[in-house]
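Only the coordinates and a few stated rules stand behind these numbers; no lab work does. On a predicted model such as this, the values are computed, not experimentally measured, just so you know. Cβ: placed from backbone, ideal geometry, glycine included. Neighbour counts: every protein chain shown.
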Amino acid sequence: MLEAEECKDVGIVDDSGLDADLVSQVNQIKLLDHEEEEGEEEMKMDDLMKNPLSMKNPVFNRERPSSKLSALLQCLEENVISQEDKAVVVSQWTSMLELIALHLKKRKIRHRTLSGAVPLKERMDIIESFNNSERGPKILLLSLKAGGVGLNLVGGNHLLLVDLHWNPQLEAQACDRIYRVGQKKSVHIYRFVCNHTVEEKIHELQEKKLSLADSVLTGVKNPQGSKLTMEDLKTLFSLK
């Protein structure tokens with residue numbers, strides 16, 4: 001463990017008590033439930049212009065793929081579905097995995113979902129089928145936390161990170177699921193980041209954290225005094 005003075009030298013500060021509530025609120029964000037959409041009429045153009053963020057806006061319809069989802073599906077079609085390869089699609093949101101599954105099902109693409117809600121025995125069956133069966137799922141939808149430790153998914157050689165997490169090490173652990181002993185193919189990692197959105201800010205924080213971690217491991221003092229404070233989180237919501 002690092003002593004307090006050593007932490008100060010490399011620029012580590014404990015702001016967990018300050019930002020915990022904000023992070024908790026951000027983590028509560030979820031997609032609109034499908035049941036809530038049923039029976040809702042589409043907005044008229046005038047109403048849409050006045051309130052574009054209303055959930056009645058057709059842009060929020062689950063059947064309509066977003067620009068990121070369209071890019072994800074195109075990537076799968078071009079690099080996985082048309083090849084003798086398999087892919088792992090990773091998201092920190094199970095609701096996002098459900099949405100992706102909806103569109104994979106429409107395209108009749110074989111897939112399974114592996115998340116914390118899946119019983120342990122069923123998880124092992126899914127992993128076995130993905131790794132060893134030609135008739136198994138072509139795409140494995142994996143929640144970020146479920147893919148953190150111990151999983152061997154060498155049946156896939158493409159891994160797609162749908163969204164960014166505050167902790168880049170969790171993403172690195174997910175990537176290690178396919179890049180390990182037993183992998184016989186070239187490994188391809190894809191990260192999807194929307195330009196001019198909060199994701200760019202999260203990416204900046206990820207780079208800052210990785211630089212800070214490198215400073216700690218190498219024992220090099222950070223002359224910039226990089227610290228992840230409440231101000232860092234505030235920048236996420238100050239897009240220009």
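Count charges around A117 for me, please; just the other residues with Cβ under 12 Å from its Cβ, Lys/Arg as +1, Asp/Glu as -1. Walk me through the numbers on the way to the answer.
Working: positive: R123, K145; negative: E98, E122.
Its environment carries a net charge of 0.
Skipping prolines and chain starts, which residues have an amide H placed within reach, meaning under 5 Å, of the one on R177, given they are 5 or more residues away or on another chain?
Counting only residues 5 or more places away or on other chains, the set is empty.
What GluC sites (Glu not before Pro) does region 119-188 have in DSSP loop regions with at most 13 other beta carbons within 10 Å?
Details: sites: E122, E128, E134, E171; in loops: E134.
Within region 119-188, the qualifying GluC sites (Glu not before Pro) (loop, at most 13 other Cβ atoms within 10 Å) are E134.
With respect to the cross-link table entries K50/K209; K145/K208; K56/K138; K105/K208; K138/K201; K138/K208, which display a Cα-Cα separation exceeding 30 Å?
K50/K209; K56/K138; K105/K208; K138/K201; K138/K208
Could you bin all the Cα-Cα distances of region 67-191 into 10 Å bins starting at 0 and give me the percent of pairs in each, rounded to whole numbers?
13, 51, 33, 2
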